[in-house]
1. Report the Cα centroid-to-centroid distance between the stretch 169-191 and the stretch 97-145 in angstrom, as an integer.
2. List the residues, sorted by chain then number, that are 5 or more residues from Met165 or on another chain and whose placed amide H is less than 5 Å from its amide H.
3. Please identify every one of the GluC sites (Glu not before Pro) in the stretch 164-214 that sits in a loop by DSSP and has no more than 10 other beta carbons within 10 Å of its own beta carbon.
4. In sequence order, what are the phi-derived ³J(HN,Hα) couplings for the stretch 85-99 according to the Karplus relation 6.51 cos²θ - 1.76 cosθ + 1.60 with θ = phi - 60°, rounded to whole Hz, with x for glycine and proline?
5. Would you check the accessible area of Phe60, probe 1.4 Å, heavy atoms only, in square angstrom rounded to 10?
6. Using only the Cα atoms, what convex hull volume per residue in Å³ does the stretch 4-112 have?
7. For the stretch 119-169, run through the trypsin sites (Lys or Arg not before Pro) and keep only the ones in DSSP coil with at most 13 other Cβ atoms within 10 Å of their Cβ.
8. Between rounded, prolate and oblate, where does the stretch 168-229 land on the alpha carbon gyration tensor, with a ≥ b ≥ c its root eigenvalues, rounded for a/c under 1.5, else prolate if a/b exceeds b/c?
Amino acid sequence: MLISLTVGKVDAGVAVLLTQDKRLIEFPSILLPPNISSGSIVDITVSRNLSSEAASQSAFQSLQNEIFTTFGQRSPLPPVLRCRNATQTSVVLEWDPIQLATAELRSLSLYRNGSKAGSIPRPTEVQSTKISGLAVDTEYVFHLVLRTSAGTYASEKLTVRTHKMTDLSGITVTPGVLPAQLRDSLERAVERIGAKLIDTVRIDTTHFVCIEGRGQMWEKAVEMNIPVVRPEWVEGCEREGRIVGVRGYYLNADPRLRQIGQGMGVQNQEGRPSTQNRNSRTQQQPSPQQHQPSPPGPTESHGEESSVDGASHGSPTPAQPNGATTDTPTSPPPPPPPKDNYAAEPKRAGDEEHKVRREDGERLRKPTGGPSSSNSVEEAGGGHASGDGGSFSEVTL
């Protein structure tokens with residue numbers, strides 16, 4: 001289509017064109033023919049470029065699809081947590097590489113029983129961790145939390161139970177410097193107890209077994225704080241039927257510190273006997289009743305009579321003095337009635353009482369010297385005799 005326009009004003013950048021119906025159009029001056037001035041008439045042909053329009057539309061749609069595919073369909077994925085190995089006091093966890101898509105990583109944290117246990121360092125590089133210091137035969141729940149610029153994503157909860165002391169399947173042994181015959185013996189022992197044997201030192205290696213402390217693997221085990229023990233430690237676990245301490249099985253440890261199984265007859269070599277030895281020694285010791293001396297006295301019947309008297313009067317009967325005689329028969333007689341208990345008192349105690357009563361009678365008799373005093377003495381003596389249960393005639397003067 002051809003259009004005729006009149007140039008109204010020409011500037012350095014923009015020209016003002018007038019249509020036939022007196023409309024103003026701003027037009028770039030650089031697109032006008034040269035030597036144009038005010039009042040010039042220019043013809044402009046206008047047409048639609050369909051091919052260029054289609055190409056531009058196609059480019060724009062492609063860009064929109066790329067943005068949608070990159071930022072609209074992909075998003076960070078929740079971590080996938082697994083248990084690689086578990087022992088009596090530790091757990092080794094691992095997970096797949098984290099998928100961030102186009103989001104930015106903020107942090108990756110590990111939670112134990114609902115509480116944060118710590119943050120994973122270098123989450124894009126590290127894919128495993130070891131948790132130590134756990135309780136024996138205890139259940140724990142772990143999960144990971146991934147925080148990104150696109151949101152927070154949590155893994156599924158993983159339930160792990162630590163092993164019992166008799167469960168040796170969690171032991172992972174890495175052999176070091178060992179003779180061929182000793183290595184074969186170690187492999188058979190590890191297989192018998194149900195443990196695992198690997199050729200490299202990894203995060204799930206529980207024990208490094210060797211007889212000499214040298215080599216790259218030994219250095220790596222020491223750097224990772226993995227116990228370095230002798231092959232006898234595996235034999236000790238097999239003999240005990242449970243995991244044993246490593247203190248006596250270090251390369252420079254004293255062999256006397258090692259525990260010996262029940263089949264050897266003792267518990268250890270440090271002087272603590274086994275239960276069987278303690279029981280046998282207890283049986284050899286006589287009971288205290290077998291060595292308890294019999295109560296003194298001429299016959300056993302006298303001892304029985306003393307116990308009865310003590311129960312009747314609340315205090316034991318005095319012992320028979322040396323040289324005193326008794327009419328107790330050889331065979332134990334029936335216990336006497338309570339009224340005769342005082343008659344069984346020792347003679348020596350009665351003599352002392354009688355001597356005191358005579359002295360009192362003489363002292364009372366001297367001031368008076370008459371018959372009435374004798375009667376008073378008799379009455380006084382009778383009072384003493386009746387109170388002590390003795391004979392009245394022995395007291396009267």
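1. Using only Cα atoms to place each centre, the spacing works out to 32 Å.
2. none
3. Here the sparse-neighbourhood loop sites are Glu212.
4. 7, 9, 10, 6, 10, 8, 9, 10, 10, 9, 8, 6, x, 6, 10
5. About 110 Å², ignoring ligands and nucleic acids.
6. 211 Å³
7. Here the sparse-neighbourhood loop sites are Lys157, Lys164.
8. Since a/c reaches 1.5 but b/c is at least a/b, the shape of the stretch 168-229 is classed as oblate.
The values are calculated or read from the model by the stated rules, or taken from the named source; none is laboratory data. As the structure is a computational prediction, the values presented were derived from the model and not from experiment. No Cβ is skipped: glycine too gets one built from the backbone with ideal geometry, and neighbour counts run over all protein chains shown. Protein only, heavy atoms only, side chains kept; ligands, DNA and RNA dropped before computing areas. Shrake-Rupley method; radii C 1.70, N 1.55, O 1.52, S 1.80 Å.
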